[in-house]
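Novice: Pasting in a structure now, in structure tokens, and then I'll have a few things to ask.
Every number in this text was worked out from the coordinates using simple rules, so none of it is lab data. From a predicted model like this one, the values you see are computed outputs, not experimental measurements. Neighbour counts are summed over all protein chains in view; Cβ atoms, including those assigned to glycine, are modelled from backbone coordinates with ideal geometry.
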Amino acid sequence: MNFANTLKNLRESNNVTQDELAKYLKVSRPTIAGYETKNHQPDFERLIKLSEYFQVSIDYLIKGKEADKSASKSSLDQEVQRSYQRLSIESKQDVLKYIRLLELRDKNKR
């Protein structure tokens with residue numbers, strides 16, 4: 001998979017529009033479209049911002065796969081982080097309560 005496909009897949013799987021991503025990167029929407037269809041590449045600064053925004057490594061953005069699984073977060077961790085970012089503050093508070101409950105459960109299993 002190439003950068004264009006990886007970016008489009010990440011954007012769509014996170015329900016992010018080209019306009020939203022353009023605003024975040026401080027570029028135009030056609031620039032995002034160019035990244036996704038015309039093999040245009042972002043500069044290093046924007047590549048880093050994309051990596052942070054989608055919580056993936058730069059290797060993943062460029063190659064479509066992680067270079068070293070031991071050095072990167074697991075795909076489950078990444079999915080949890082992306083899902084958490086889309087929640088309302090109330091839901092985030094509920095998630096924290098649930099995490100604490102799960103920690104207690106795991107502690108009692110030991």
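Novice: Mind checking which residues of region 1-22 are among the charged types (D, E, K, R) and under 20 Å from Asp43 (Cα atoms)?
Specialist: Narrowing region 1-22 to residues among the charged types (D, E, K, R): 8, 11-12, 19-20.
Lys8, Arg11, Asp19, Glu20 - these are the residues of region 1-22 that are among the charged types (D, E, K, R) and under 20 Å from Asp43 (Cα atoms).
Novice: Please state which one of Lys8, Lys23 is among the charged types (D, E, K, R) and in contact (Cβ under 8 Å) with a residue 24 or more places away in the chain. If you could, list the steps in order and put the result at the bottom.
Specialist: On the way: Lys23 fails: in contact (Cβ under 8 Å) with a residue 24 or more places away in the chain.
The conditions single out Lys8.
Novice: For region 1-48, which residues satisfy the criterion of being surrounded by fewer than 16 Cβ atoms within 10 Å (Cβ to Cβ) and within 18 Å of Arg86 (Cα to Cα)?
Specialist: Those that are surrounded by fewer than 16 Cβ atoms within 10 Å (Cβ to Cβ) and within 18 Å of Arg86 (Cα to Cα): Asn9, Glu12, Ser13, Asn15, Thr17, Asp19, Glu20, Lys23, Tyr24.
Novice: Sticking with this structure for a sec: Pairs needed: first member in region 84-97, farther than 16 Å from Gln55 by Cα; second member anywhere, surrounded by 12 or more Cβ atoms within 10 Å (Cβ to Cβ) and among the aromatic types (Phe, Trp, Tyr); C-beta distance under 7 Å; at least 6 residues apart or different chains.
Specialist: Close Cβ pairs (under 7 Å, with a partner that is surrounded by 12 or more Cβ atoms within 10 Å (Cβ to Cβ) and among the aromatic types (Phe, Trp, Tyr)) amount to Lys92/Tyr84; Val95/Tyr84.
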